[in-house]
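For reference, the structure is listed below as C-alpha cells.
The values are calculated or read from the model by the stated rules, or taken from the named source; none is laboratory data. Remember, predicted model here, so these are calculated numbers, not experimental data. With ideal geometry, Cβ positions are generated from the backbone for all residues, glycine too; neighbour counts draw on all protein chains shown. We work out accessible area using only protein heavy atoms, side chains counted, and drop any ligands, DNA or RNA first. Shrake-Rupley method; radii C 1.70, N 1.55, O 1.52, S 1.80 Å.
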Amino acid sequence: MLTIWGRINSHNVKKVVWLAEELGVPYDRRDMGGAFGMDDAYRALNPNALIPTIEEDGFVLWESHSILRYLAATHGGERWFPSDPKARALAERWMDWHFDWAEAIRPIFFQLVRTPPEQRDTALIARSAAQAARLSALIDAQLGREAWLSGKDIGIGDIPVATYAHSWFQLPVERPSRPHLERWYAALRERAAFRDTVMIPLT
Ligand SMILES: N[C@@H](CCC(=O)N[C@@H](CS)C(=O)NCC(=O)O)C(=O)O
C-alpha cells in the first residue's frame, strides 16, 4: 500500500495524489503540514520538514517531482513513463519548466487566498499576474502543436503545470485569451482524477 503524507490543499501534494488516482494506485493519504503541523516521526522521514512524502513497501521518498517520476516508472507503463529517452525528456522538460510557472502563480495564490485583504501587496500581485500571463503564451504555443504537454497523450509533463494552471484559472486576475490552453484545461476537467484531487476549493 502506498502512503502519501500531506494536506490536500498543497499544490505539491495535489500533483502526487492526482497521479496516484490516474494510475489507479490505491493509497492512504495522511494529513500533514500547514494547520496539521508535523511530528518528529514525519520529520525523520523527510528532513526538509516539507510535504509531500511517500512510503511504499518500506521505500520512503520526498520531493514531489521525484515522487511523480517514481510512481510513473513503477505504476505508469509506457504512457506515463516512456522508455524512449527523448520522448521522456520532452515531457519531463515541462516538469522542470513548471518552476517558472509556479513562481509566477504562487505569490498571487498566497496574496489572494491566504493573506487578509488589508495586508495584500497589490504591486506583487500585478507583477506576478503579468508574468503568469506572459508564460501562459508558451504553454498555449506548445498545446497548439500537440494535444498534451507530454505529447499525444497526457503524461507526467502535464501534471505540475496543470496543477498550477487550475489555480491560475480560479484566481481573480486578468488572463489573456489562450485558446489551446483553454482547450487543454477543458480536457483536464473531463478527468475524474483531476476533478477529485486538483479542482478543490483553494484554501
Ligand atoms: N521541492 C519540494 C517543495 C515542497 C513544499 O514546499 N511543500 C510545501 C507545501 S506545497 C510545504 O511543505 N509547506 C510547509 C507546510 O505545509 O507545513 C517538493 O516539490 O516536494
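Open to solvent by less than 80 Å² (accessible area, probe 1.4 Å) and assigned to a helix (DSSP H, G or I), is that true of Leu202? Walk me through how you get there before you give the answer.
Working: open to solvent by less than 80 Å² (accessible area, probe 1.4 Å): yes; assigned to a helix (DSSP H, G or I): no.
No; evaluated as a whole, the condition is false for this residue.
Just give me the residues in the stretch 25-39 being more than 7 Å from the ligand (Cβ to nearest atom) and not in a loop (DSSP other than H, G, I, E, B), in sequence order.
Keep residues of the stretch 25-39 that are more than 7 Å from the ligand (Cβ to nearest atom), which gives 25-32, 35-37, 39.
Within the stretch 25-39, Tyr27, Asp28, Arg29, Arg30, Ala35, Phe36 meet the criteria.
Here are Tyr42, Tyr70: which of them is within 26 Å of Gly155 (Cβ to Cβ) and more than 9 Å from the ligand (Cβ to nearest atom)? Walk me through how you get there before you give the answer.
Details: Tyr42 fails: within 26 Å of Gly155 (Cβ to Cβ).
On inspection, the qualifying residue turns out to be Tyr70.
Take the residues in the stretch 164-183 that are in contact with a Phe, Trp or Tyr (Cβ under 7 Å, 6 or more places away or on another chain) and not in a loop (DSSP other than H, G, I, E, B); name whichever of them is farthest from His65 (Cα to Cα).
Phe169
When you check Glu78 against the structure, is it open to solvent by less than 30 Å² (accessible area, probe 1.4 Å) and either acidic (Asp, Glu) or within 16 Å of the ligand (Cβ to nearest atom) (or both), yes or no? Reasoning before the result, please.
On the way: open to solvent by less than 30 Å² (accessible area, probe 1.4 Å): no; either acidic (Asp, Glu) or within 16 Å of the ligand (Cβ to nearest atom) (or both): yes.
So Glu78 does not fit the description; no.
If I filter the stretch 125-178 down to residues being under 18 Å from the mean Cα position of the chain (by Cα) and acidic (Asp, Glu), which single residue comes out as most open to solvent (accessible area, probe 1.4 Å)?
By that ranking, first place goes to Asp153.
Of Asp57, Asp31, Asp84, Asp39, which residue is at pLDDT 95 or above, open to solvent by 10 Å² or more (accessible area, probe 1.4 Å) and in contact with a Lys or Arg (Cβ under 9 Å, 6 or more places away or on another chain)?
Working: Asp57 fails: in contact with a Lys or Arg (Cβ under 9 Å, 6 or more places away or on another chain); Asp84 fails: in contact with a Lys or Arg (Cβ under 9 Å, 6 or more places away or on another chain); Asp39 fails: in contact with a Lys or Arg (Cβ under 9 Å, 6 or more places away or on another chain).
Matching residue, one of Asp57, Asp31, Asp84, Asp39: Asp31.
Please find, within the stretch 7-24, the residue that is nearest to the ligand (Cβ to nearest atom) out of those that are closer than 13 Å to Leu202 by Cα and not in a helix (DSSP H, G or I).
Within the stretch 7-24, the match that is nearest to the ligand (Cβ to nearest atom) is Ser10.
In the stretch 171-188, is there at least one residue being in contact with a strand residue (DSSP E or B) (Cβ under 9 Å, 6 or more places away or on another chain) and touching a residue at least 40 places away in the same chain (Cβ under 8 Å)? Explain how you work it out, then say what you get.
Of the stretch 171-188, the ones in contact with a strand residue (DSSP E or B) (Cβ under 9 Å, 6 or more places away or on another chain) are 184, 187.
The next check asks that each one be touching a residue at least 40 places away in the same chain (Cβ under 8 Å); those that pass are 184, 187.
Yes, some residue in the stretch 171-188 is in contact with a strand residue (DSSP E or B) (Cβ under 9 Å, 6 or more places away or on another chain) and touching a residue at least 40 places away in the same chain (Cβ under 8 Å).
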